[in-house]
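A short worksheet on the structure shown next.
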Amino acid sequence: MNSATVRNLLVRGMLAGLAAGLLALVTAYFLGEPRVDSAIAYEEAHSHEHGVEAVSRTMQSTGGLATGVLLYGVAFGGIAALAYCFALGRIGRFGPRAGALLLAAAGLIAVYVVPFLKYPANPPSVGDPDTIGRRTTLYFLMMLLSVLLAIATVILGKRLAPRLGNWNATVAAGAFFVLAVGLAYAFLPAVNEVPKDFSATLLWQFRLSALAVQLTLWTAFGLVFGPLAERVLTPKPAERAAVAAPSAVSR
Amino acid sequence: MAQSVAQPTTVTTTAPAKLPVGAIAPWAVFFGILMLALLYFVGAEQGATSVMSGENVHEWVHDARHLLGFPCH
């Protein structure tokens, strides 16, 4: 029964992730792609090597973009659903829908916003190909660190709650998170590889659209997954009657 | 009579019950690894490290990688 609940939530999390991915894809296509194209135009004006294109630009901006964004949505939908299973009844008295939305907000901040503030998304032609290994390591390290710190923050908040009360415990745990993230920012090396004459406006617009893609994805996930999870977790009328009847007798 | 009044409130206000860790763990291990592998292929394959040779995976998800915030070439 419990295992079936986990399976049902996992399947719905992946489906909600797919639906959220579709919306994020719309954002990425209409807000992001024009900026990617502008950045590629800059790249082609400044480099003399024209390699053979393995995948055409048209395919990259449609099928390729869809593959990446949808897989990303399904993957994080599945992971978020598993986190939701762990969090159920362990963190606070949140209903299924409020819990899903809170989890989505936490996911957006821990998985994306915190790493983004240190190592923001870059358009094509920003970034030295020779440092890709180092940049990838730093980005995934920052992501992992951020997620672990977010989990530590939740555990800390829960530990402090009996002593400080819910409000103060939440504020204290939040302060711990900000402080720990600030320390990580201070000690991890900076990466600034923007070419000198690259348009500041284009860079800003690209990064803002990348943030919009994630905001769409996680918000949609929270709003779609909540009601689906609620239906899994709310007993059907027949079961409810069966649960209610014995308790009435024992009373 | 009292029960019919109490029923809807218990359904709407009770926080969901805990799921035992033992029930979650098998799903979390198997699907967790599967989901992380998916993220690896979307975010890093044929960039910093390569499981498969060539450039096709990288080129195919190129735009998604940039717009999802992963470092890309």
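Rule-based calculations on the coordinates, nothing more; no lab input. Because the structure is predicted, anything quoted here is derived from the model rather than measured. A quick note on method: Cβ atoms are made from the backbone with ideal geometry, for glycine too, and the neighbour counts reach across all protein chains shown.
Listed by position, the helices (runs of 4 or more DSSP H) inside region A:35-131 whose residues that are of a type in the set (D, E, K, R) and either more than 8 Å from chain B (Cβ to nearest Cβ) or out of contact with any Asp or Glu (no Cβ under 9 Å at 6 or more places or on another chain) (or both) number at least 1 are A:96-107, A:114-118.
What residue, among those in region A:155-200 that are polar (S, T, N, Q) and touching a residue at least 12 places away in the same chain (Cβ under 8 Å), is surrounded by the most Cβ atoms within 10 Å (Cβ to Cβ)? Of everything passing the filter in region A:155-200, A:T170 is surrounded by the most Cβ atoms within 10 Å (Cβ to Cβ).
Beta carbons closer than 6 Å, at least 6 apart along the sequence or on distinct chains, pair a first residue in region B:20-42 that is small (G, A, S) with a second that is part of a helix (DSSP H, G or I) for B:A23/A:N2; B:A23/A:S3; B:A23/A:V6; B:A28/A:L82. For region A:132-160, the set of residues classified as touching a helix residue (DSSP H, G or I) at 6+ places or on another chain (Cβ under 7 Å), more than 9 Å from every other protein chain (Cβ to nearest Cβ) and not hydrophobic (A, V, I, L, M, F, W, C) consists of A:S146, A:T153, A:G157, listed by residue number. Close contacts from region A:112-134, counting a first residue that is under 13 Å from A:L202 (Cβ atoms) and a second that is of a type in the set (S, T, Y) and crowded, with 16+ Cβ neighbours inside 10 Å, with Cβ to Cβ under 6 Å and a gap of 6+ residues or different chains, come to A:S125/A:Y42. Residue count for region A:15-34 under the criterion of being surrounded by fewer than 22 Cβ atoms within 10 Å (Cβ to Cβ) and either more than 10 Å from every other protein chain (Cβ to nearest Cβ) or out of contact with any Ser or Thr (no Cβ under 6 Å at 6 or more places or on another chain) (or both): the result is 9. Taken as a whole, the structure leaves A:L215 outside the set of residues that are in a helix (DSSP H, G or I), away from chain B (no Cβ under 14 Å) and touching a residue at least 12 places away in the same chain (Cβ under 8 Å). Go through the residues of region B:48-56 one by one and say whether even a single one is facing another protein chain (nearest Cβ under 7 Å) and within 20 Å of A:T137 (Cα to Cα). Among the residues of region B:48-56, at least one is facing another protein chain (nearest Cβ under 7 Å) and within 20 Å of A:T137 (Cα to Cα), which makes the answer yes.
Conditions (1) under 22 Å from B:V29 (Cβ atoms); (2) within 14 Å of the chain's Cα centre (by Cα); (3) touching a residue at least 24 places away in the same chain (Cβ under 8 Å); (4) crowded, with 19+ Cβ neighbours inside 10 Å, marked per residue:
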{"residue": "A:H46", "(1), (2), (3), (4)": "no, no, yes, no"}
{"residue": "A:G77", "(1), (2), (3), (4)": "yes, yes, yes, yes"}
{"residue": "A:L88", "(1), (2), (3), (4)": "yes, no, yes, yes"}
{"residue": "A:G95", "(1), (2), (3), (4)": "no, no, yes, no"}
